[in-house]
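Please read the structure below before turning to the comments.
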Amino acid sequence: MKQPEIIVILRGATGAEHLALEGAVNLEARLSDLERRRALVAGFYGFHADAEHCLAPWLETVEGLDFAARRRLPRIGADLLALGGKPAPSRERPTVTSLGYALGLFYVLEGSSLGGRVIHRQLSDTDVDQRGLSFFDPYGDQTGARWRAFIEVLGREHAAGRADAEEIVAGALDGFRLARMWLTE
């Protein structure tokens, strides 16, 4: 499958932010300590709660996306409960003003399912307790197919002129900024 033009644009515009986020989260250390793990999962919960709330009006009716089935908040909430944690209060809900911005922000949320799948596999090969981490692998063996379906929708909406490239990039950059705010210690 050839990558849509917008994916090339997004990766180029957000690559540095993506790497900076991965470096700042300190995942390995935080997963091995229960208190830090609980705080990390609470951060994921807050990030998804704020983002999903704002994205729903824009993405629920996008053909082929199935936004409702992609919402990870219920799974993250169950994981947080399993760890004895509580959701943090809302910090900063993004202001979504266009479909392009919404798709860009959702690119960050959906992209984390790819990284989460890798993390899940790595943890499976260790003796690290995986309690409270099911949200890392929400789609299981369907992760690749669901990512490709999202990319197809994103490419279609951009090519049809319903989602502007600058707005998509702005939404993604804001998504990485919000993720960093919620997920770093």
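Summary of values
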{"read-out": "Cβ-placed point charges (K, R +1; D, E -1), dipole of the chain about Cα centre in debye, nearest 20", "value": "260"}
{"read-out": "Region 61-77 and region 142-162: distance between their alpha carbon centers, rounded to Å", "value": "14"}
{"read-out": "Convex hull per residue volume in Å³, alpha carbons only, for region 116-185", "value": "106"}
{"read-out": "Range of Cα positions in region 1-134 per principal axis (Å), largest first", "value": "41, 30, 25"}
{"read-out": "Positive-end extreme of charge dipole, region 56-122 - chosen from THR97, GLN122, GLY111 (charges on Cβ)", "value": "GLN122"}
{"read-out": "Carbon/sulfur fraction of accessible area - region 1-157, other protein chains in place, 1.4 Å, %", "value": "53"}
{"read-out": "The chain, relative contact order [Cα under 8 Å, separation at least 6], %", "value": "36"}
{"read-out": "Estimated FRET transfer efficiency when R0 is 22 angstrom, pair ALA145-ILE7 (beta carbons, to 0.05)", "value": "0.85"}
{"read-out": "Over 18 Å [Cα-Cα, region 78-163], rounded percent", "value": "58"}
{"read-out": "Stokes-Einstein diffusion coefficient of region 70-111, Kirkwood radius over Cα pairs, 4 °C, 1.567 mPa s, in µm²/s", "value": "106"}
{"read-out": "Helical mean residue ellipticity (222 nm; -39500 (n - 2.57) per DSSP H run of 4+; nearest 500) of the chain", "value": "-23000 deg cm²/dmol"}
{"read-out": "Dipole in debye (nearest 20) - region 19-93, about Cα centre, beta carbon charges: Lys, Arg +1; Asp, Glu -1", "value": "280"}
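The values are calculated or read from the model by the stated rules, or taken from the named source; none is laboratory data. Everything numeric in this text was worked out from a predicted model, so none of it was measured. Glycine also receives a Cβ, built like all others from the backbone with ideal geometry; neighbour counts cover every protein chain displayed. Note: areas computed on protein heavy atoms with side chains; ligands, DNA, RNA excluded. Shrake-Rupley method; radii C 1.70, N 1.55, O 1.52, S 1.80 Å.
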